[in-house]
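Written below as structure tokens is the structure these notes are about.
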Amino acid sequence: MNAKRHRWLVLAVVSIALLLVAIDMTVLYIALPTLTHELQASTSEKLWIVNMYPLVVAGLLLGAGTLGDRIGHKRLFISGLLIFGVASLLAAFSPTAAALIFARGLLGVGAAAMMPATLAIISLAFEEENERSIAIGIWAAVASGGAAAGPLMGGALLEYFWWGSVFLINVPIVLIACVLSGWLIKNIKHDSAQPWDLIASLQIMVVLISLAYAIKEFAKQVPSFADVVLALAICISFALLFARRQRNSEFPLVDMQVFRNPAFSSAVLAGLVVAGCLMGINLVLSQRLQLVLGLSPLQTGLYFLPLSLGAIVGSPLSGWLLPRFRSDRFLVFVLTVYAAGIALFMFSFSYSMYLQIPCLFLLGACVGASIWVLRAR
């Protein structure tokens, strides 16, 4: 096979996998009212169904790249795909809310294995700097566009199928991606790679989940303050254990020194703010459109389409604009526009849909731009 065609096919395969990972971050927003009714899920269970997946991904992501260096990124990528496929089957046919929460956690394990492997495989496949930059730009566009497209996909599936279809559709895509990965991708290991620290990965995951539990419990109408205190104690204890382990480790998962770099710290903070706002808007708005305004799942998904298009456009456009400006100024500009877009979008609720559509497009473009800036830093 022609070498140039081969590497672009590799990019297509890893982009398909990344698209599944990104879509599953937001696909449940539209399905939430339906599956809550079908599974008789409580308010707390509903939030865990949504959040267990990103929490597990965030906890395991730090160590996954190191594991890929040791066993090979192809092997880790395919393993992640298989876990993701099995978890999708379990989620699609979950009989209870608890079973679905477990399946969502397993989905997070598969996604955490795949995400760093996708970027590593792209970097190894594209040796020429300009082509690599274009490929990573496409990677960023898929990541941001996939998250924004989740509600649209969920709405389209729920219009004609049962809620489990939002998970079941992953299975044939995973199988195709596995076959193509085995054919196209080379398994490259690094003999000098640092050891994989599973304990540290589990520690940071406990920190995130216990913190989320404390916040959710405190937000209840009648919270159990004993549970809140216990969850916070667990969170702080494991955070201290993680920090001590990183300080004493020859190969820490997180080099705390990098956070002394203002450029890096500001980019990470911006990414957290942008992603948090996007998920909050998606979650609240999808419920309002269906439960208050009476829109169908498909109509609700179509409502979010400008957000998806904006994210797809914003990422490569930022890759073109960023070299022409200082990155810190560009990031400030993106966040300012994002804040203005949110304010204008809230204001537009009292007016025509034609005003809301450009606001959603603008928000999506800012999400795509922020992901690109974070990757560049």
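The values are calculated or read from the model by the stated rules, or taken from the named source; none is laboratory data. The structure displayed is predicted, hence computed values, not measured ones. Glycine gets a Cβ as well: all are built from the backbone with ideal geometry, and neighbour counts include every protein chain shown. All accessible areas refer to the heavy atoms of the entire protein, side chains included, with ligands and DNA or RNA removed. Shrake-Rupley method; radii C 1.70, N 1.55, O 1.52, S 1.80 Å.
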*Looking at region 155-174, which of the residues that are outside any helix (DSSP H, G or I) and closer than 23 Å to GLY80 by Cβ is nearest to the chain's Cα centre (by Cα)?*
ILE169
*Taking LEU47 as the residue in question, decide whether it is within 17 Å of LYS216 (Cβ to Cβ), part of a helix (DSSP H, G or I) and touching a Leu at 6+ places or on another chain (Cβ under 6 Å).*
no
*Just one of (1) over 16 Å from the mean Cα position of the chain (by Cα); (2) of a type outside the set (Lys, Arg); (3) more than 17 Å from LEU175 (Cα to Cα); (4) open to solvent by 30 Å² or more (accessible area, probe 1.4 Å) trips up VAL86, so point out which.*
(3)
*Search result, residues across region 122-143 that are in contact (Cβ under 8 Å) with a residue 60 or more places away in the chain, more than 19 Å from PHE77 (Cβ to Cβ) and either open to solvent by less than 40 Å² (accessible area, probe 1.4 Å) or not in a helix (DSSP H, G or I) (or both)*: GLU131, GLY137, ALA141
*Of everything in region 5-63 that's under 15 Å from the mean Cα position of the chain (by Cα) and among the aromatic types (Phe, Trp, Tyr), which residue is surrounded by the most Cβ atoms within 10 Å (Cβ to Cβ)?*
TYR53
*Looking only at region 64-74, count how many residues are open to solvent by 10 Å² or more (accessible area, probe 1.4 Å) and either outside any helix (DSSP H, G or I) or among the basic types (Lys, Arg) (or both).*
2
*Under the condition of being farther than 18 Å from ALA275 by Cα and in contact (Cβ under 8 Å) with a residue 12 or more places away in the chain, which residue from region 327-355 is most open to solvent (accessible area, probe 1.4 Å)?*
LEU344
*In the list PHE218, PHE259, which residue meets the criterion of being farther than 25 Å from ALA17 by Cα, open to solvent by 30 Å² or more (accessible area, probe 1.4 Å), in contact with a Ser or Thr (Cβ under 7 Å, 6 or more places away or on another chain) and at pLDDT below 85?*
PHE259
*Which is of a type in the set (A, V, I, L, M, F, W, C), modelled with pLDDT of 80 or more and either under 28 Å from PHE102 (Cα atoms) or surrounded by fewer than 21 Cβ atoms within 10 Å (Cβ to Cβ) (or both), of LEU180, LEU198, LEU119?*
LEU180
